[in-house]
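Participant: The structure under discussion is supplied below as structure tokens; questions concerning it will follow.
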Amino acid sequence: MAGRMVLGSAALAGLVRPASAPDPADAQRVLPVLPELTGLLPNRGLRRGSTVSVATGQPRRSGGTSLMLALLAEASRAGSWCAVVGVPTFGAVAAAEAGIALDRLALVPHPGPEWATVVAALIDGVDVVVTAVPATVSASVAGRLAARARQRGSVLVPYGRWAGADVTLQVVRGVWEGIGPGRGRLRRREVTVSARGRGAAARPKEITVWLPGDGRTRIVPRSAASRPATSATVPRRGPLTLVGSA
């Protein structure tokens, strides 16, 4: 079965390394991302110990899920372990199509009231930890998780509103191509992604990419970006749940 089944915080012990184990950050301080996304990040990749937030907008139109998958893909292909917490609609098929290795992916769809404990345990031993942000998360809890990521050399990727992230990425515009007047098939989506943050990421940046499109993420040429595209709203693909938690 693809992925790993996680039943609770106690069951995470087999996935994480002991606190005394060598920090993999010594070997690779920056995890790779797709070449098209390097310009959005101050280290041209996911720096270990950093917090990179993926902000979300209105459901089905924000493009946040596609951006999150694209952000994980290259690190996963390079051998990094990834975890996704609190996203029950996360689709394993879409993840595989994006290039994420399912045999190095841990899913915790429903962390329950132990959310912070589950995320902290995964930070201890997983290279990249994506977590949906609960509405009730406090600034102190968020700060402790970010500090733990810095200490352990993990990359924390909050999926939702998160104050104090080193970099916040967000899809600010998106249109689909392929639908004509009453006919056609969706082929690809042109999205504009913004990046803002602090320190080296204080200067806002934007790129326009096909996401998804033609089987890969690509920068949209200026000539194509200037053409009007057909906007369409389509139903979300039904989720495929492979693992769960009690």
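Participant: For the stretch 143-158, what are the residues that are within 14 Å of the chain's Cα centre (by Cα) and either in a loop (DSSP other than H, G, I, E, B) or at pLDDT below 95 (or both)?
Facilitator: Residue satisfying the conditions is Ser154 alone.
Participant: With (1) surrounded by fewer than 19 Cβ atoms within 10 Å (Cβ to Cβ); (2) more than 14 Å from the chain's Cα centre (by Cα); (3) in a loop (DSSP other than H, G, I, E, B) as the list, and Gly125 as the residue in question, which single condition is left unmet?
Facilitator: Here Gly125 meets the rest and fails (1).
Participant: Moving to a separate point now. (1) farther than 19 Å from Leu69 by Cβ; (2) in contact with a strand residue (DSSP E or B) (Cβ under 8 Å, 6 or more places away or on another chain): which one isn't true of Thr117, the others all being true?
Facilitator: It is condition (2) that Thr117 fails.
Participant: Within the stretch 159-170, track down each residue that is surrounded by 20 or more Cβ atoms within 10 Å (Cβ to Cβ), not small (Gly, Ala, Ser) and not in a strand (DSSP E or B).
Facilitator: Of everything in the stretch 159-170, those that are surrounded by 20 or more Cβ atoms within 10 Å (Cβ to Cβ), not small (Gly, Ala, Ser) and not in a strand (DSSP E or B) turn out to be Trp162, Asp166.
Participant: What number of residues within the stretch 78-96 satisfy the criterion of being in contact with a Pro (Cβ under 8 Å, 6 or more places away or on another chain), on the phi < 0 side of the Ramachandran plot and not aliphatic (A, V, I, L, M)?
Facilitator: Here the count works out to 4.
Participant: Let me confirm something: among Ala116, Ala101, Ala135, which residue is over 27 Å from Pro42 (Cα atoms) and at pLDDT 95 or above?
Facilitator: Checking each option against the conditions leaves just Ala116.
The values are calculated or read from the model by the stated rules, or taken from the named source; none is laboratory data. For clarity, every value in this text was computed on a predicted model and none was experimentally measured. Positions of Cβ are generated from backbone atoms using ideal geometry, with glycine treated the same way; all protein chains shown enter the neighbour counts.
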